[in-house]
Ligand SMILES: *Cc1c(COP(=O)(O)O)cnc(C)c1O
């Protein structure tokens, strides 16, 4: 008698694949030690604020207790920093969890979800997990002057149908690095019916230095269907602790709270995020150093004849105009890890995180 668990799984789960982490990074760290250059996961090499370690040390004796299920202290700090009410914030075990939670709460097999070609991969996964119909809108062309491969917000608004419960956009987007400005977002949100929830994933918002590109937080008060997701994983350098947050109308947040796991953000993550948030100088330094190193690295890559897509993030999408798997393998031989893009349908591209100058130099030396 054979036991087939997959046959017992629901159709939405059957359609999913387990996350493919690529290289076994923990094993590679043991093998290569300091020599390993990790530029594949958009972490910042600059590290977290020193206040984070202090906050964790102070909270350690109490780890036998459950964390605050409301995360009240972190929410109060976020509310005051962002100028919103605490009842407008939901906390997540990373913003990935929140992107999934939003879909679980609002979408199902009778609805559709709109997102862009080359939009962040989690959008498609969150959609599939609910059984909703994915509507993948073609991206702007690679030759677009402002946002090559970026979201076509006009086409995305036009793709919304009566059954569209959710639309996901990322600003800036991963893996393209592209962004849209306030005017484009305003026009988009104005065109979306109030029955469709607009999720604006702002995982890289803290990295943006371009004028005219501000957070969708400014839209939340007037548009109860707009939800913004943010994370402490990128510019706050806490990827290992898993803290993200969603900001929206109290009504949308109250829906998310119905399904949110009660202790989804652990006690050390809560105090660490609050400490990181409190060190605005550190976050600014990460933003400024990253912008400077990104422009330096992009110039070096361009000088080698490679096409770098414009980026307002801590990574660059690079087109090698050849099978990038070969380049990726060559870099890996030199213990330099980057992210292949074939899974996104960009087999000639690699996504390269902006590290320290020394890491960028190691990358450049290892390029064939
Ligand atoms: C990294 C990333 C996230 C998820 O980050 P978490 O670590 O889960 O908070 C969300 N959206 C985009 C576009 C990202 O690149």
Review point. Given the Cα-Cα distance of residue 146 and residue 66 and 0.36 nm per residue of separation, how much length would full extension add, in nm?
Key: 24.0 nm
Review point. If only Cα atoms are counted, what is the Rg of the stretch 228-288, and what is its Dmax, in Å?
Key: 13.0, 39
Study note, to complete from the structure: Cβ density ranking, 10 Å radius, fewest first, applied to 223, 144 yields 144, 223
Exercise for review: Rank 186, 288, 20 by mean-square fluctuation in a GNM of the chain with C-alpha springs under 10 angstrom and give only the top-ranked residue.
Suggested key: 20
Point to revise | Separation of the residue 364 and residue 190 label points, Cα + 7 Å toward Cβ, nm | key: 4.5 nm
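Can you bin the stretch 20-160 into rounded, prolate or oblate? Criterion: square roots of the alpha carbon gyration tensor eigenvalues sorted a ≥ b ≥ c, rounded for a/c under 1.5, prolate for a/b above b/c, oblate for the rest.
It is oblate, given that a/c is not under 1.5 and a/b is not larger than b/c.
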Revision key, fill the gap. Placing one equal point scatterer on each C-alpha of the stretch 100-216 and summing with Debye, one gets log10 I(q)/I(0) at q = 0.19 Å⁻¹ equal to -0.97
**Study point:** Between the stretch 58-135 and the stretch 197-213, the Cα center-to-center distance that results, in Å
**Key:** 16 Å
Point to revise | Compactness relative to 2.2 N^0.38 Å, alpha carbon Rg of the stretch 258-368 | key: 1.33
Review point. Mean separation of Cα pairs under 8 Å and 6+ residues apart, divided by the residue count of the chain: what relative contact order is that in percent?
Key: 23 percent
Check your understanding: Counting each DSSP H run of 4 or more residues in the chain as -39500 (n - 2.57), what helix-only mean residue ellipticity at 222 nm follows after dividing by all residues, to the nearest 500 deg cm²/dmol?
Key -> -11500 deg cm²/dmol
**Study point:** Distance from the stretch 274-309 to the stretch 1-51 (C-alpha centre basis), Å
**Key:** 24 Å
Review point. Separation between the residue 19 and residue 87 pseudo-spin-labels, each 7 Å from Cα along Cα→Cβ, expressed in nm?
Key: 3.4 nm
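Fully extended, how many nm does the chain gain between residue 330 and residue 292 (0.36 nm per residue separation, minus their Cα-Cα distance)?
Taking 0.36 nm per residue and subtracting the Cα distance, the gain is 11.0 nm.
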Check your understanding: Can you give the extra length, in nm with one decimal, that the chain gains between residue 80 and residue 9 once fully stretched, where that is 0.36 nm per residue apart less the Cα-Cα distance?
Key -> 21.2 nm
Revision key, fill the gap. To the nearest 0.05, the calculated FRET efficiency linking residue 183 and residue 1 through their beta-carbon distance, R0 being 56 Å, is 0.35
Check your understanding: Kirkwood hydrodynamic radius of the stretch 1-69 from all distinct Cα pairs, in Å?
Key -> 17.4 Å
Study note, to complete from the structure: Quick note on 296, 179, ordering by fewest other C-beta atoms within 10 Å, gives 296, 179
**Study point:** Nitroxide proxy distance, nm - points 7 Å out along Cα→Cβ at residue 221 and residue 254
**Key:** 2.1 nm
Point to revise | Using distinct alpha-carbon pairs, which all enter the 1/r mean, Kirkwood radius of the chain in Å | key: 21.4 Å
Review point. Counting only DSSP beta bridges with both residues in the chain, what percent are antiparallel, rounded to the nearest 5?
Key: 45 percent
**Study point:** Proxy reagent accessibility, fewest Cβ within 10 Å first, across 2, 45, 110, 73
**Key:** 2, 110, 73, 45
Review point. Say we join alpha carbon atoms closer than 10 Å with springs in a Gaussian network model of the chain; which of 51, 242, 65 then has the biggest fluctuation?
Key: 65
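Where a number appears in this text, it was derived from the coordinates with a stated rule and is not lab data. As the structure is a prediction and not an experimental result, all values here were calculated from the model. FYI the Cβ positions are ideal-geometry reconstructions off the backbone, even for glycines, and counts take in every protein chain you see.
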